[in-house]
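The values are calculated or read from the model by the stated rules, or taken from the named source; none is laboratory data. Values in this document were obtained by computation on a predicted structure and should not be read as measured data. Virtual Cβ from ideal backbone geometry, glycine too; neighbours counted across all protein chains shown.
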Amino acid sequence: MKSEINILHLEDNIYDAELIEYILSSNNLNPVIKRVDKKDEFINSIEHGTYDLIISDNTLNNFTGLEALELINERNIETPFIFVSGTIGEEIAIESLTHGATDYVLKHRIERLIPAVNRALKEFEDKSKLKWTESELKKNEKLYRLLTENASDLISKLSSDGIFLFASKASKTLLGIDAMIGKSIFDIIHPEEVEGVKSILLEIPKLKMKTVEYRIQHLNGSYFWCETSFQYIETSGSINFHEMIAVIRDISERKNYESELLKSKAKADEMNLLKSNLLANMSHEFRTPLNGIIGFAEILKSELKNKSYIDYSSRILSSGKRLLTTLSSILNLSAFESEVPNINLAPENLVLIVDSVVQTFNDYALNKELKYEYLPSNKIIIVNIDKMLFEQALTNIIDNAFKFTLKGKITVSIKVENKNNTNFAVVSVADTGIGISETNYEYIFKDFKQVSEGYSRKYEGLGLGLPVAKRMIELIGGEIVFESKVEKGSTFHIYLPLTGIKINDSSNNNFTNDKPSLIKQKLSEILYVEDNEMNYILMKRFLKDRYIVVNASNGEISIELISKKIYPIILMDINLGSGMNGIDTLKIIKQDIRYNNIPVIAVTGYALPSDRDRLLDSGFNNIITKPFTKEEIINLIKKSIGESKWNQKMI
Ligand code: ADP
């Protein structure tokens, strides 16, 4: 059923009225009809009611349809009006139409009524819609004008050659100009940027929209930075004469801010570079003499016979190492603050690495008369770690154990543990020292925090060991947890995701740490490029049972030496004084194809993670940082030579 149609029916003949109602209803039009037959009734109805349709007879008592139409017109009522009359002549019909009637139907051709009604209703609906749209358009136009005029950006329309066709009021505040229309935008764009903007405007029909930053001139002569978004407007003319909306915004404040920011960043970068250089140089300058102190103390200790002298050299050794640990913590913390180091993850045998770190503390144990034990796993435990970061973290933790334990023992152990369905290798350092009270649990991983602080503090340290260790272990995907009881001791566990476990079959493992062969062999010569004589003598002493160390005191000499003979390995200092440095020397050596598979180890005091990345990128096969122990350098040489033989076999 269609919705109701409200009809005002002007008709004095009740039968005709019923007939029309019948016709409308039987054609499914659902009419609601109000019938009137007098003028005052009609006026009252049109003034107080609204109708979808008026149907009118032409001749009524003292009133005519034409008069009714007149009354409608006088009141600007637009309701469709259909004459239905038996008497209407052609002239009246035409007159009614010229006066605004929608249609007329003769009673003897009443079958036309329904099409006439339908058409009238449709036209009326269309007209109403159009009127509504027009009124909405008018409202919107008013709104847009208001928005345009009140916007702080200059909203304008430009011709394709940059002439202002319209400009909002903001032109006054932005450019100091009231009347922009007819002016060219290119007259006020900074001369250096005119060509750039011109070429962009040529592209607008293709790009449709483009935002551009350039300098524009205020009436007072000063230039300021603005941002303009140009939007193509479709016009019916040639594409060469298109138009554009240009919204011009003052961005001078943002530009100032950006340039301040750039200046600050450049300054910060410069400071950062200075800091990095300073850190790298500090590392080098401290480590080179420490190499001498620790290395020669180690030699003295092994060669002296007098017990007290052995004790003295052992104390020099442990003091040197303490200094080294502190130095590394400070440098690493500063380095981490300025940049996150690249991490070089590689599968390593954890048992061997822990073993070499554990051994560096043997002297501490002797000096303090503590029991010190290492319970390695009987398996080869492979973890994917950055060896250098792990070693530093473990060193800090064992160093703490020694610092805070006066009697009893320190035990380092390795085991494999399953936690939340993941296998971990766990390195634990347990001590029977002073322990940590629960209230201090949250502080100990914070930078520079120590439980005993101030002048009354009883223990050495800077409060950096644990924060640095934590950062390093987390960087390689591990975690440090601890348990502790005051006066009973502490245990720190380093959890590392496990890569694999192998049965320890030393015949088939790459990580053997075997002692020197007892069978006397002819010693081979290896080349050590080093300008510091003390370091050369130390290296010679460390390697005396295994290799003859040939010294080149600068890069140039080393190149001459390698041209005459092939060495199975080259050890290269990086800072070689006034001549070529170690990196440049390596580049020249590697140009000699005979040296393609010969390992070159960087022996350096530049020990920050970023230095190590730089050296590996430069082509060094391995790095050892000063100071190192005899065992560390021997193991590394053996490992490097072994790998290079393996490589050659593969080729
Ligand atoms: P510090 O240089 O003082 O050792 P750390 O950051 O390594 O700095 O450790 C912070 C604090 O945590 C130490 O000052 C100490 O109070 C406590 N601590 C660390 N390890 C131990 C331990 N094994 N036994 C007792 N206290 C410890």
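Summary table
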item: Residue check for residue 327: assigned to a helix (DSSP H, G or I) and either away from the ligand (no atom under 16 Å from the Cβ) or buried (at least 21 other Cβ atoms within 10 Å of the Cβ) (or both); result: no
item: Strands (runs of 3 or more DSSP E) contained entirely in the range 544-628, each with at least 2 residues that are under 21 Å from residue 332 (Cα atoms) and in contact (Cβ under 8 Å) with a residue 12 or more places away in the chain; result: 600-604, 622-625
item: Residue satisfying condition, being farther than 25 Å from residue 282 by Cα and crowded, with 21+ Cβ neighbours inside 10 Å, within set 311, 363, 399; result: 363
item: Residues of the range 218-234 that turn out to be assigned to a strand (DSSP E or B) and farther than 18 Å from residue 254 by Cα, as a count; result: 4
item: Options 143, 174; residue that is part of a helix (DSSP H, G or I), at pLDDT 90 or above and over 30 Å from residue 51 (Cα atoms); result: 174
item: Out of 562, 574, sole residue that is β-branched (Val, Ile, Thr) and farther than 21 Å from residue 524 by Cα; result: 574
item: Residue among 398, 410, 414 that alone is closer than 17 Å to residue 353 by Cβ, at pLDDT 90 or above and within 12 Å of the ligand (Cβ to nearest atom); result: 398
item: Residue satisfying condition, being out of contact with any His (no Cβ under 7 Å at 6 or more places or on another chain), in contact (Cβ under 8 Å) with a residue 12 or more places away in the chain and loosely packed, with under 14 Cβ neighbours inside 10 Å, within set 127, 139; result: 127
item: Among the candidates 353, 343, 385, 380, residue that is more than 16 Å from the ligand (Cβ to nearest atom), within 21 Å of residue 502 (Cβ to Cβ) and within 31 Å of the chain's Cα centre (by Cα); result: 385
item: Cross-chain or 6+ apart pairs with Cβ under 9 Å, the range 423-445 first and at positive phi and of a type in the set (Gly, Ala, Ser), then within 8 Å of the ligand (Cβ to nearest atom) and part of a loop (DSSP other than H, G, I, E, B); result: 435/404
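Okay, residues lined up against (1) part of a loop (DSSP other than H, G, I, E, B); (2) more than 7 Å from the ligand (Cβ to nearest atom); (3) under 32 Å from the mean Cα position of the chain (by Cα); (4) at pLDDT below 85:
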residue	(1), (2), (3), (4)
424	no, yes, yes, no
434	yes, no, no, no
444	yes, no, yes, no
453	yes, yes, no, yes
467	no, no, yes, no
481	no, yes, yes, no
